[in-house]
Structure formats: structure tokens, C-alpha cells
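The structure appears below as C-alpha cells.
No lab work stands behind these numbers, since they all come straight from the coordinates. Just so it is clear, the structure is predicted and the values come from calculations on it, not from any experiment. Because the Cβ atoms are built from the backbone with ideal geometry, glycine has one as well, and the counts that use them run over all protein chains shown.
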Amino acid sequence: MCTQDLPLFDLENNNTIFFFDQLVAFSRVYTVLHRYLCLFVCFVGVLLNSLHFYVLTRKAMRVYIINALLCAMSICDIITMTSYFIYILRFRIFDSPATTIGYSYPWLIFLITHVTSSIALHTTALYLSVIMAYIRWTALDRLDAKWINHGALKQILIFTALIVSIISIPTVMVHKIVPVKDVIGINETEAIGGELKLEGLYTVQLDETSINGCALFRVNLWITGVMFKALPCLLILWFTIALIYKLVQMSEKRKILRGEKREKEEFQLLATSATPTNTTRDESSPVSRRIRKVSQCRNVSIDRTTLMLIIMLVVFLCTEMPQGLLAILSAIYPTHVHTMIYVNVGEVLDLMSLINCLTSFIVYCVMSTTYRATVKSVLCRPGNRRTAFKNTHLLLNSYRIQVS
């Protein structure tokens, strides 16, 4: 690991020693569960994201750019989960790292490709979420904005893929494949004498000597923490707050245009008439039911969209921001944070990222009436033309940028 880096923990303190002992104990127990949890999440995630992609590519759902971006995110998530599924089977179930000395060269090529592509694809999905939030925010002011039409889709995808590919280069450079015998420090004769079969076995190491000691390793951690995690989370936070604020403003304008100002006065009048000075209001009375109905109608137009955005915000921040902060701390204190904390909680962070890949499908299913109607039409295959026409009519009427 890096030399001459700053210490973070007092390794002679009893409380610190106890904390790391418990962290290592947790890692040993969780790593057994992790492989099976990830297999389940990846299997379910590939199925759901495939359904998500299929639904969003239906004719009635292809009409706006948001769904096209969600299709691209689904492809990224499918590839990420498929790659992680193969990785878990090969490196965590079929062969245990505790008993396996090395692997063949092609499998280690796959391992490095898996690490790099998973990070790049997941980061691409995060930035596409940022772009989606920006498009929603822009569309509330101008429906003819440049980034709303399908002509901008190709530019968005190419630009995002190019930027992510460039910033992923240090992740490839920081890993190197070396023969196992060079790591163990014995020659082939000693290996044969000790009955160790090391021929054709390799392992992966962090390249800590390529550029000024572990400078490349630190640069990779900084890029991972800032560009891959912290920056997209901050942008999502910013655009989501701005979008919610604008939705509230537009809701107030809609109330005035729809005559809801008069309805508010009616609501206040009903509330006043239903609460006399010396009597208790009857909740079952027609007046009380009217009050509740008016109150619900006043809030229903904004709650669904706001709730969807809050859910997306919370999921992204809870799953990605801790990883970014930990990566930044690893860049500052590589010996203490990376080797003592990140190594022991890295699998938990991987599971959080995999769960994040399911966010789009779950939120759409829960919050979008149009999406549920499309899923139902795909899965149930209505047998009569009247039902099919009804579903298509519902989908076409929902043509708008923001999700209902």
C-alpha cells in the first residue's frame, strides 16, 4: 500500500482495535451471505430490467425522450448485473478466494473487464439520471427545448459514454495481471518440489509503482469518489430540489386557472360552518365528508410526482453518496481507510449499487398509471380489441414529459 500517507486512526487505542476486530468479524459472516443475496438480486434485476426495457420500447411509450433514456439505463443495468452474476458464480461460489491460489489469464481479463465496465456502466446510468432530471426541469418551462426532442438523444448518449470512458481509464491502468509465482516469491523448481502447480496461474494486483509510487492509485480513488459518485449525486439533488420547487409553483398557478381559489374559499366556509362554538363536529356528516374530499383534491395533483422524486433522491443518495465519501477518504488515507474499512464493507456497497439498479422499474410501477397500464397490456395480452383500444387510448393521452 502507499507509503508516507497520513494516518487516520490510532491503532494502539483499544477502542479502535475493538472496532476493527468487529468490522473484520462482520465481513467474514456477511461475505457468505453476500454471494447468495447478489445472485438473487442480479437474477431478479435482469428479469425486471428486461421487462422494463421491453415495456418502454412499446410504440405508445417511445414517444418521449425520458423513456428512451430509461431504456439506455436499463441496458446499462442489465449488463452490470449479468457481469456481476458471472463474477459471483466464478470467483465467489465455484472457487473460494481463501483456498484458490490463482486463475487462468482469460478469467482475469474478464475480472478486470468486469470491474471496469461495471463502474463505467453504473456511472453512465447515474449521469443519465442527472440528464433526465434536467430534461424534466427544462420541460416545465419550454416544451420546445433542444434537449427534449429525440434528435438530441444520440448526442446525449455519445457524449455521456465518451466522458465516462475517458474518466474510466485510470481504473484500467491501476490493475495489473502478474504470475502467482512472482507474488509468492518462489521459482518453478521450488513449486514442483513443494507440489504446487503454479504454471498458468495468475492474480491481479494494484499497480502502485507505475507513476510516482501510488499516485495513480490515489488518482483513481479521487476520480471514483468525485466523478463517479459525489458529483452525480449532488447534481441529482440540485435538479430534484429545483424541480420540486417549480412543480409547487406550477401547482399554485394551476389552482388559480382552474378556479381552485374559489374552491379554497368554499373549503374555508365549510370548515367554519362545520365547527360551531359549543358543538363537536360530526365526522360522518355530509359537510365533513365534503371537507375531506376538497382537501384531497387540492393535494392529489402534486403528491404523486413529488413522492416519486423524493424516492429517487433518497435511493440515489443512500446508495451512492456513502461510496463516494468512502472513496475520497480512501484517496486521502489509503492505508487506513482502504485496507481497513473499504475492504471489509466493499461487498455491502456493491449490494447497494445493485439494488439501485432496480429503482427505475420499481418507482415507475408504483407511481406511473401509464406504465402500469402498459405492463398489464404486455403481460395479460387482452383478448378483445375493445380492451386493447382502451389501453392504447390511455397511453396516448398520457403523452407528457413528467411522469404522472
| field | Residue-span extension gain [residue 257 to residue 318] - 0.36 nm each, minus C-alpha spacing | value | 18.1 nm
| said: Assuming 0.36 nm per residue, please report the length gained on full extension of the stretch residue 16 to residue 95 beyond their Cα-Cα distance. | reply: 25.1 nm
| query | In Å and whole numbers, how far do the C-alpha atoms of segment 8-93 stretch along each principal axis, longest first? | reply | 64, 30, 14
| query | What is the sum of charges around residue 18, taking Lys and Arg as +1, Asp and Glu as -1, for the other residues whose C-beta is under 15 Å from the C-beta of residue 18? | reply | -3
| query | Say each of residue 75 and residue 26 gets a label point 7 Å from the Cα, pointing the same way as Cα to Cβ; how far apart are those two points in nm? | reply | 3.9 nm
| request: Taking the Cβ of residue 319 as the centre, find all other residues whose Cβ is under 15 Å away and add up their charges (Lys, Arg: +1; Asp, Glu: -1). | output: -3
| said: Net charge around residue 347, counting only other residues with Cβ within less than 10 Å of its Cβ (Lys, Arg = +1; Asp, Glu = -1)? | reply: +1
| message | Run the numbers for residue 231 and residue 109: contour at 0.36 nm per residue of separation, minus the present Cα-Cα distance, in nm. | response | 41.0 nm
| query | Can you flag which of 229/376; 59/154; 59/376 are past 26 Å Cα-Cα? | reply | 229/376
| In what sequence, highest mean first, do 70-80, 108-118, 42-52 appear when ranked by Cβ atoms within 10 angstrom? | 70-80, 42-52, 108-118
